[in-house]
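Take a look at the structure below.
The values are calculated or read from the model by the stated rules, or taken from the named source; none is laboratory data. The shown structure was predicted, so the numbers you read here are calculated from the model rather than taken from an experiment. Here Cβ is always computed from backbone atoms with ideal geometry, including for glycine, and neighbour counts include all displayed protein chains.
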Amino acid sequence: MKRAFFGGLMALGLVGVASLALAQDKNVKTDEAKPAPAAAEKEVAVIKTTAGEMVVEFWTDVAPGTVENFKKLANKGFYDGTCFHRIIKGFMIQGGDPLTKDPSKETLWGTGDPGYKIKAEFNDRKHVRGVLSMARSQLPDSAGCQFFICLDPAPFLDHKYTAFGKVIKGEDVLLKIGDTPVGPSRSGERSKPLERVGVESIKIVPASSIK
């Protein structure tokens, strides 16, 4: 009796497995028939300056929050009318301070922010020529809107500043800005541009629109 009962269970089990396999096969075929979801369109930033245009790709894989913040500010026109207020040849150009829209506030340039701070996203991307990274104070989570673009490798910044993109077009413009004549700043650092290098606009556009 026990043997027959076990056999009956086994038979029922085989029927159940067969039914399940058929159902799974149908599901597979149904899934295969569905079109694959379209991949999200990649976006880039077009930084239009008085010296020309630069196109920057974003590194959302290592700094998603930073990229999102930059895009949000750019889409609001936050950066339009600012300038690169700090330029150090062979090192970097720094901009993104809303206070630089007003020449009468020049003594405060470099201290502006969007009214909040964002969390740092230090990562393994190297600070080499063309890399876009967030400027900050001594505190790790003190970045807000100011950014810099490296003119040459700066390994001492690696893992200490949030790198979140890189110039993929317009490197000649970057180097041209880097060659801007400078004088001493309030702190004595030779980084104050003697002529204004304005940021006319920063637009976030589909990568496919760039030729």
- Gly115 on the phi > 0 side of the Ramachandran plot and either in the same structural domain as Val197 (by TED's automatic domain parsing) or at pLDDT 95 or above (or both): yes
Checked pairs for segment 70-88, first farther than 9 Å from Pro98 by Cα, second assigned to a helix (DSSP H, G or I), C-beta under 8 Å and 6 or more apart or across chains, list as Phe84/Ile177; His85/Thr100; Ile87/Ile177; Ile87/Gly178
Got at least one residue in segment 127-138 being assigned to a loop (DSSP other than H, G, I, E, B) and either of a type in the set (Val, Ile, Thr) or not assigned by TED's automatic domain parsing to the domain that holds Val62 (or both)? yes
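Restricting attention to segment 70-91, which residues are charged (D, E, K, R), farther than 16 Å from Cys150 by Cβ and in contact with a strand residue (DSSP E or B) (Cβ under 8 Å, 6 or more places away or on another chain)?
Residues satisfying the conditions are Lys71, Asp80.
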Filter segment 92-120 for residues that are basic (Lys, Arg) and either closer than 19 Å to Ile149 by Cβ or touching a residue at least 24 places away in the same chain (Cβ under 8 Å) (or both); the one that is surrounded by the fewest Cβ atoms within 10 Å (Cβ to Cβ) is Lys119
The number of residues in segment 146-160 that are of a type in the set (Phe, Trp, Tyr) and either crowded, with 23+ Cβ neighbours inside 10 Å or in contact (Cβ under 8 Å) with a residue 60 or more places away in the chain (or both) is 2
